[in-house]
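> Following this message is one structure expressed as C-alpha cells.
FYI, it's all coordinate maths here, none of it is from the lab. Just so we're clear, the structure is a prediction, and the values are computed from it rather than from any experiment. Cβ sites come from the backbone with ideal geometry, for glycine too, and all protein chains shown count toward neighbours.
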Amino acid sequence: MKHSLQWSRVKRALGFARAQRWLVAVILFLTLLVAAANALEPLVMKYIFDGLGEAGTVATILTGVLLLGGLIVFREIANGFSNWLSWRTRLALHHGLLDATIQRLHRLPLEAQRRDGVGAIMTRLDRGIQGFINAVSEIAFNVLPAIVYLALGIIVMLQLDWRMTVLVLAFTPLPAIIAALAAPRQTRRERILLDSWAKIYARFNEVLAGIATVRSFAMEDAEKKRFLKDVGKANNVVIGGVSFDTSVGALQNLTVAAARIAAIGYGGYLVLTGQITLGTLMAFLGYVSGLFGPVQGLTGIYTTVHNASVALDQVFSIIDAEENIKDSPNAIEAPPFKGEVEFREVRFAYGEHEPELLHGIDLHVKAGENIAIVGPSGSGKSTLMALLQRFYDVNSGAIRIDGHDIRDLKQNSLRQQIGVVMQDALLFNETVRDNIAYGRPDASFEEVVAAAKTANAHAFIERLEDGYDTVVGERGTRLSGGERQRIAIARALLKDPPILVLDEATSALDPELEAQVQDALERLIAGRTTFVVAHRLSTVVNADRIVVLKGGNIIECGRHEALLQEKGYYAWIVERQTRGLLLPQTPAANGQAELRRIGNKG
C-alpha cells in the first residue's frame with residue numbers, strides 16, 4: 001500500500017510535465033541512441049584488437065579507428081543536445097510545480113502560515129521541488145537509457161562468450177542487495193534533513209524580520225551561535241550520511257572489481273587456451289565496465305523513488321492543503337457596493353474545539369457611516385473585521401453587504417471593494433509609485449500623485465532621492481512610520497473602495513505624526529462606510545457610532561458624548577486614558593476594583 005502510494009505521487013507529479021511530453025519523447029529517443037552507441041563501442045574495440053593479429057591490415061585498423069571516432073562524435077553531439085532539451089524540460093516541470101504550489105500558498109488558511117512560518121514553508125517548497133525534479137531527471141534520463149544499455153550489453157556478451165557472461169552476472173545482484181539494505185536509512189536521513197533545514201530557516205527568517213528587536217536586546221551573537229549550532233547539527237547528519245554512502249559505494253565498487261577480476265582471470269585463461277580471441281576479451285571487459293554502472297543505477301532507483309516521495313510529501317502537503325474558505329459553486333461577482341453592512345447573530349470560533357470569540361453579534365451599519373470599534377485586547381475587534389473580509393467564515397449567523405450574504409459572493413470581488421489600512425502598513429521592496437498603485441496596477445501616474453496629495457504624502461515623496469521612483473526597502477524600512485502609513489492611505493485612496501477598515505492605523509505614531517495621518521484619514525473616510533478599530537480613543541471620538549466589544553459581545557453602542565453620560569465601560573476607558581495626565585493617579589488596586597465593578601455592570 002505504501003509503495004503504491006509513493007508511485008501514485010510520482011505519477012501525479014509527472015502530470016505537471018504533460019505539456020512537455022513530446023520534448024521528453026525526443027530526449028528519450030536521443031538517450032536510447034546514445035545507449036546503443038555505447039553498446040557498439042566495445043564491438044568496435046574487438047574489431048580493432050582482432051585486426052592487430054597476423055591477418056590484420058592497416059586498412060582494418062583505420063576503419064576501426066574511424067568507426068570509433070564516429071561513435072564518440074555522435075555520442076557527444078547527441079548528449080549535448082539531449083542535455084539542452086533536458087534542462088528545458090526540468091525548468092518546465094519546475095514552473096508547473098511552482099504554479100500549483102504558489103497558487104495554493106496564496107490561499108492557505110492564515111493560521112497555517114502563522115503556525116509553520118514563512119521561512120519553513122519556503123524551505124520545504126524549494127527543497128521539495130528540487131528534490132523531486134532531480135529524482136525525475138535521474139529516472140527518465142539516466143535509468144531508462146541504462147536499462148537499454150544493460151539489455152543490449154547482456155545480449156552481446158552472451159554472443160561473445162556465454163560462460164564469462166554467466167560468471168559476471170553472478171555478481172550483479174550484490175550491488176542491488178547492498179542498495180536495498182541501505183535505502184531505508186538514506187530515506188530517513190533525507191526526511192530528517194528536510195525538517196532540520198525548514199526549522200533553521202524559519203528561525204533565520206524571524207531573526208532577520210525582527211532584526212531591530214534582536215539588536216535592541218544585544219542578541220546578535222546569541223542568534224548567530226544558535227544558527228550556526230543548528231547548521232552544525234544538520235551538517236553532522238550530512239557528514240554521517242556521506243560516511244554511510246561512501247561505505248555503501250565502496251562495497252558496491254568492490255563487487256564490480258571482483259566481477260572484473262573474475263572476468264580477466266577466466267578470460268585470460270580462455271585466450272591462452274585459444275577458445276576466444278584477445279579482441280573478444282577486450283570487448284567483454286568493456287561491457288563489464290559499462291554493465292555495472294547501469295546495474296548500480298537501477299539498484300539506486302529504489303532510493304531515488306523514496307527520496308522523491310519525501311520531496312513530494314512537502315510539495316503535495318501544500319497543494320493538497322484544505323482551503324478553509326472556498327467560493328461556493330453558485331458564487332457570483334459582487335456588484336458595486338453602496339456600503340450597507342449588517343452583522344446578524346454572528347458567532348465565531350477559530351477551531352472546532354476552540355472557545356467561541358464572538359457570541360451573537362448584531363450590528364447594522366448604514367452606507368457611508370463611520371463606526372468605531374473599541375474594547376480590550378482579545379475582545380474580538382480584529383476578528384470581526386477578518387470575518388467582514390471573509391478570511392474566515394462565521395460559525396453561525398450571517399454578514400450581509402447591501403443585502404448580499406458575503407458567502408454568496410466571490411472572495412476576490414468582495415475584497416476588491418474593501419480597503420484596509422493596518423497598524424503596521426506593509427510596503428513592498430519596490431518604488432513608492434508601485435506601492436501606491438498596488439491595488440490598481442493600471443493607474444496612471446497622475447492618479448497616483450493625486451492619491452498621494454490627498455493622503456498628505458506628496459510633499460515628503462518629492463523630497464526623496466528619486467521621488468516616486470524611490471525604492472522603499474523591505475517592508476518600507478527606508479521610510480518613517482508616518483510616511484509608511486500615508487503611503488498605505490494613498491494606496492487605499494487609489495483603490496477607491498466603498499468600504500474601509502482602519503485597524504489601529506495611528507496607534508504606533510507620535511502625536512505630531514498622528515495629526516498628519518489623521519488629517520489624511522479624514523479625507524479617506526469621507527463618503528465611505530468605515531470601520532475604525534482602535535485602542536487610542538482620540539481617533540474615534542468623531543465617529544458616528546462607537547461600538548464597545550467586550551468578551552465577544554457588544555456591551556455598549558452610541559456616540560462619544562452619550563456613552564460618557566452612561567458612565568459605563570467606555571467612560572471608564574476614557575477616564576483611564578486621560579486621568580494619568582489630568583488627575584492624580586489612584587492606586588492600582590482601586591483601578592482594578594473599578595474595572596471589576598464596571599465589568600460586572602456591563
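> What is the distance in Å between the Cα centres of segment 394-434 and segment 190-253?
Value for the Cα centre distance between the two parts: 39 Å.
> Sorted by mean Cβ packing within 10 Å, highest first, what order do the peptides 213-219, 524-530 take?
524-530, 213-219
> Too long at a 27 Å Cα-Cα cut-off: which of LYS224/LYS381; LYS199/LYS550; LYS366/LYS550; LYS410/LYS550; LYS338/LYS410; LYS326/LYS381?
The pairs that break the limit, which is 27 Å between Cα atoms, are LYS224/LYS381; LYS199/LYS550; LYS410/LYS550.
> Can I ask one more? Can you pull the one-decimal nm distance between simple spin-label points at TYR269 and LYS410, each 7 Å off the Cα toward Cβ?
For TYR269 paired with LYS410, the spin-label model returns 8.0 nm.
> Search the structure for amide H atoms under 5 Å from the amide H of VAL420, placed 1.01 Å from N in the peptide plane, and list their residues when 5 or more places away or on another chain.
Amide H neighbours of VAL420, under 5 Å, 5+ apart: VAL501.
> Further question on the same structure: Rank the residues PHE337, PHE227 as a footprinting-exposure proxy: fewest other Cβ atoms within 10 Å of their Cβ go first.
Least to most surrounded, the residues fall as PHE227, PHE337.
> In a shell of Cβ-Cβ distance under 14 Å around VAL365, excluding VAL365 itself, what net charge do Lys and Arg (+1) and Asp and Glu (-1) give?
0
> Net charge within 11 Å of GLY380 by Cβ-Cβ distance, Lys/Arg positive one each and Asp/Glu negative one each, not counting GLY380 itself?
Overall, the nearby charge balance is +2.
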